[in-house]
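Working notes, structure below.
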Amino acid sequence: MGRLRPSPRNPGQTMKDKTTIASTVIEPTAFGAVYHQRFAVNYDYPVHFTHDLFARDNPVFVEALSRKEPNKRHRFLAFIDADVAASWPGLAHDICGYAEHHGERLQLLAHPETIVGGEQVKHDPELVTRLQRRLLDLGVDRHAYVVAIGGGAFLDMCGFVAATVHRGVRHIRVPTTVLGQNDSGVGVKNGINAFGVKNFVGSFAPPFAVLNDASFLRTLHPRDRIAGIAEAVKVSLIRDRVFFEWLESQVDALHACAPDATARMIRRCAELHMRQIAHGGDPFETGSARPLDYGHWSAHKLEALTGHELRHGEAVAIGIALDSRYSVQIGMLAPGQEERIFAVLKRLGFYLWHPALERRDAEGRWVVLEGLREFREHLGGELTITLLREIGRGEEVHVMDEAEILRAIAWLRHRESAQ
Ligand SMILES: NC(=O)c1ccc[n+]([C@@H]2O[C@H](COP(=O)([O-])OP(=O)(O)OC[C@H]3O[C@@H](n4cnc5c(N)ncnc54)[C@H](O)[C@@H]3O)[C@@H](O)[C@H]2O)c1
Ligand SMILES: [Zn+2]
């Protein structure tokens, strides 16, 4: 676009680009002028569901990297979650073999690096700096790729590294957990924890591609496999009654981690998350709502309060049970529905209570309630919490009654001890 000057004949002139999406509207004001700058950026990224990603005849990886420039040799670097590397000892070798086999289109910049995984990677700012330095040393530029292979926590940390180097290098996510494949990996956020606050530092940075390989789930600890199903229960409750009923009918298969039921659960859950991001009108959460974070205000607090002894999904399951009971107590959800939700979560294998729910500070205040404030502060603006109107339909509220929350906590304790 050339230089912009307000036209003397038409001070409110609009200069549009060829697509008419962008405009710079110049308007004189009493103290000068204002240039209203407007443009839109389109994002698109494929989310693949595949298996044996690094088998040489599987084209998914090479095609994902070359989809925008098919005739180029693409430089990439891979970071592997240590538990994944330990469970798949041949993985780094397979990646090297794959790169060699597709050598006309791929160039591996260094031997894949194994880095510790799990929530601890989100508490380690020095690790972030070390990896940023590594990208510098290897000459990773804005056309090279950082491939991260691991759980949701590992991808959050690697995604943050990729998003901050050169203000954003291309990032390929290979989620290896249920939660990574059905929720966190397919979305647009990354982040690390800081100052005792979950995801305090991070960015919105859509990935270049997401490659969900079902094979990895075979080695995932059952505790982590189950934990990821909490996100499917969550999204079904607020968006899709039929999906909730399907989960209800498949609860034993899901508990047993049956591959077919697990694959179907992951696909539907990922679809619902992707639909929200693409069609919800606020992919980068600039408003006051976090529409898919049902049950999360207490979950994030519980994770921190338990020193991350509770997995994210385990804390979410407790948060779902709490907010479902609360929805009944305030007359929003029909009585009895919370029992149905409680039953599904129990049969999946969740323990729906933690003593941290009743922790008090030195002044006798209930610490979990700070989660509400932190939830609001994360976004700013008005407190917005999704509750349940009915199974399959969430509804936002802007106030939560603390006495009712405490009653719901007491109900949970009683309900869990009666099991
Ligand atoms: N960015 C987002 O939009 C978003 C959304 C939801 C959750 N999250 C984040 O995701 C994280 C939770 O992710 P998670 O549930 O995947 O847990 P996780 O990343 O902590 O992984 C759990 C454990 O499984 C190991 N592991 C991973 N894949 C494995 C495999 N295939 N075989 C054997 N072991 C394996 C990991 O090393 C780790 O020890 C939390 O930090 C949460 O805040 C992010
Ligand atoms: Zn979550």
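The values are calculated or read from the model by the stated rules, or taken from the named source; none is laboratory data. Just so it is clear, the model here is predicted, and its values are computed rather than measured. Neighbour counts are summed over all protein chains in view; Cβ atoms, including those assigned to glycine, are modelled from backbone coordinates with ideal geometry. For the accessible areas, the whole protein counts, side chains as well, though only heavy atoms, and no ligand, DNA or RNA atoms are used. Shrake-Rupley method; radii C 1.70, N 1.55, O 1.52, S 1.80 Å.
Which ones in segment 303-348 are hydrophobic (A, V, I, L, M, F, W, C) and within 16 Å of ligand 2 (Cβ to nearest atom)? Talk me through it step by step, then tell me what you get.
We begin by selecting, within segment 303-348, every residue hydrophobic (A, V, I, L, M, F, W, C); these are 304-305, 310, 315-318, 320-322, 328, 330, 332-334, 341-345, 348.
Matches in segment 303-348: A304, L310, A315, V316, A317, I318, I320, A321, L322, L345, L348.
Does at least one position in segment 302-318 carry a residue that is within 14 Å of ligand 1 (Cβ to nearest atom), polar (S, T, N, Q), more than 16 Å from L179 (Cα to Cα) and touching a residue at least 40 places away in the same chain (Cβ under 8 Å)? Don't jump to the end; show me each part of the working.
Step one: list which residues in segment 302-318 are within 14 Å of ligand 1 (Cβ to nearest atom), which gives 302-304, 306-317.
If we keep only those that are polar (S, T, N, Q) too, we end up with 306.
Next, only the ones that are more than 16 Å from L179 (Cα to Cα) stay: 306.
Still in the running and touching a residue at least 40 places away in the same chain (Cβ under 8 Å): 306.
The answer is yes; a qualifying residue exists.
Quick one: would you say S236 is within 16 Å of ligand 2 (Cβ to nearest atom) and of a type in the set (S, T, N, Q)? Please lay out each step first, then the result.
Numbers: within 16 Å of ligand 2 (Cβ to nearest atom): yes; of a type in the set (S, T, N, Q): yes.
Yes.
Residues to consider are F160, F195; find the one that is among the aromatic types (F, W, Y) and either within 16 Å of ligand 2 (Cβ to nearest atom) or at pLDDT below 95 (or both). Walk me through how you get there before you give the answer.
Details: F160 fails: either within 16 Å of ligand 2 (Cβ to nearest atom) or at pLDDT below 95 (or both).
After ruling out the rest, the residue left standing is F195.
Condition check: on the phi > 0 side of the Ramachandran plot and within 14 Å of ligand 2 (Cβ to nearest atom). Does N182 satisfy that? Let's see the steps before the verdict.
Values: on the phi > 0 side of the Ramachandran plot: no; within 14 Å of ligand 2 (Cβ to nearest atom): yes.
Considered against the rule, which asks whether it is on the phi > 0 side of the Ramachandran plot and within 14 Å of ligand 2 (Cβ to nearest atom), N182 comes out as no.
Pull up segment 22-48, narrow it to residues that are open to solvent by 80 Å² or more (accessible area, probe 1.4 Å) and within 30 Å of the chain's Cα centre (by Cα), then point me to the one that is farthest from R275 (Cα to Cα).
Only one residue fits best here, namely R38.
Go over the candidates F216, F204, F200 one by one and state the one that is aromatic (F, W, Y), more than 23 Å from L379 (Cβ to Cβ) and away from ligand 2 (no atom under 14 Å from the Cβ). Full working, then the answer.
Values: F204 fails: more than 23 Å from L379 (Cβ to Cβ); F200 fails: more than 23 Å from L379 (Cβ to Cβ).
When all the criteria are applied, what remains is F216.
Within the set of pairs 6+ apart or on separate chains, which have a first residue in segment 360-387 that is at positive phi, a second that is of a type outside the set (A, V, I, L, M), and C-beta atoms under 6 Å apart?
So the pair list comes out as G381/S288.
If you go through segment 207-252 one residue at a time, how many are open to solvent by 30 Å² or more (accessible area, probe 1.4 Å) and in a helix (DSSP H, G or I)? Even if it seems obvious, please write down each step before you answer.
So the first thing to find is which residues in segment 207-252 are open to solvent by 30 Å² or more (accessible area, probe 1.4 Å), and the list is 214, 218-219, 221-225, 239, 241-242, 245-246, 248-250, 252.
Next, only the ones that are in a helix (DSSP H, G or I) stay: 214, 218-219, 222-225, 239, 241-242, 245-246, 248-249, 252.
The number of residues fulfilling the criteria is 15.
Pairs under 6 Å by beta carbon, first residue without any contact (Cβ under 8 Å) to a residue 60 or more places away in the chain and part of a strand (DSSP E or B) in segment 82-108, partner within 14 Å of ligand 1 (Cβ to nearest atom) and open to solvent by less than 80 Å² (accessible area, probe 1.4 Å), six or more apart or different chains?
none
List pairs: first in segment 57-77 and of a type in the set (D, E, K, R), second in a loop (DSSP other than H, G, I, E, B) and open to solvent by 20 Å² or more (accessible area, probe 1.4 Å), Cβ under 7 Å, 6+ apart or cross-chain?
Qualifying pairs under 7 Å: R73/E104; R73/R105; R75/L109.
Determine which member of the set L357, L348 is free of Cβ contacts under 8 Å to residues at least 60 places away in the same chain, within 29 Å of D224 (Cα to Cα) and buried (at least 17 other Cβ atoms within 10 Å of the Cβ).
Working: L348 fails: free of Cβ contacts under 8 Å to residues at least 60 places away in the same chain.
L357 is the lone residue from the list that is free of Cβ contacts under 8 Å to residues at least 60 places away in the same chain, within 29 Å of D224 (Cα to Cα) and buried (at least 17 other Cβ atoms within 10 Å of the Cβ).
Within segment 162-204, track down each residue that is over 20 Å from P112 (Cβ atoms), more than 10 Å from ligand 1 (Cβ to nearest atom) and among the hydrophobic types (A, V, I, L, M, F, W, C).
A163, A194, F195, V197, F200, V201 - these are the residues of segment 162-204 that are over 20 Å from P112 (Cβ atoms), more than 10 Å from ligand 1 (Cβ to nearest atom) and among the hydrophobic types (A, V, I, L, M, F, W, C).
Taking the residues in segment 253-300 that are in a helix (DSSP H, G or I) and charged (D, E, K, R) as candidates, determine which candidate is farthest from L237 (Cα to Cα).
Residues of segment 253-300 in a helix (DSSP H, G or I): 253-255, 259-279, 296-300.
Next cut, charged (D, E, K, R) only: 260, 264, 267-268, 271, 275.
On the way: D260: 22, R264: 17, R267: 16, R268: 13, E271: 15, R275: 15 Å.
Filtering segment 253-300 for residues that are in a helix (DSSP H, G or I) and charged (D, E, K, R), the one farthest from L237 (Cα to Cα) comes out as D260.
Using the structure shown, decide if V146 is away from ligand 1 (no atom under 16 Å from the Cβ) and more than 22 Å from E303 (Cα to Cα).
Values: away from ligand 1 (no atom under 16 Å from the Cβ): no; more than 22 Å from E303 (Cα to Cα): yes.
Taking the combined requirement at face value, the residue does not satisfy it.
Okay, residues lined up against (1) among the basic types (K, R); (2) modelled with pLDDT under 95; (3) away from ligand 1 (no atom under 16 Å from the Cβ); (4) loosely packed, with under 14 Cβ neighbours inside 10 Å:
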| residue | (1), (2), (3), (4) |
| --- | --- |
| F284 | no, yes, no, yes |
| A321 | no, no, yes, no |
| V328 | no, no, yes, no |
| M332 | no, no, yes, no |
| G336 | no, no, yes, yes |
| G364 | no, yes, yes, yes |
| T384 | no, yes, yes, no |
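Of all residues in segment 138-157, which are of a type in the set (G, A, S) and either crowded, with 24+ Cβ neighbours inside 10 Å or within 16 Å of ligand 2 (Cβ to nearest atom) (or both)? Can you show your working first?
Step one: filter segment 138-157 for residues of a type in the set (G, A, S), giving 139, 144, 148, 150-153.
Correct list: A148, G150, G151, G152, A153.
Quick test of your reading of the structure: T219 fulfils all but one of (1) more than 22 Å from N199 (Cβ to Cβ); (2) of a type in the set (S, T, N, Q); (3) at pLDDT below 95. Name the failing condition by number.
That leaves (3) as the condition not met.
Quick check, is R56 farther than 13 Å from D213 by Cβ, assigned to a loop (DSSP other than H, G, I, E, B) and either modelled with pLDDT of 95 or more or of a type outside the set (K, R) (or both)? Show your work before the answer.
On the way: farther than 13 Å from D213 by Cβ: yes; assigned to a loop (DSSP other than H, G, I, E, B): yes; either modelled with pLDDT of 95 or more or of a type outside the set (K, R) (or both): yes.
Spelling it out, R56 is indeed farther than 13 Å from D213 by Cβ, assigned to a loop (DSSP other than H, G, I, E, B) and either modelled with pLDDT of 95 or more or of a type outside the set (K, R) (or both).
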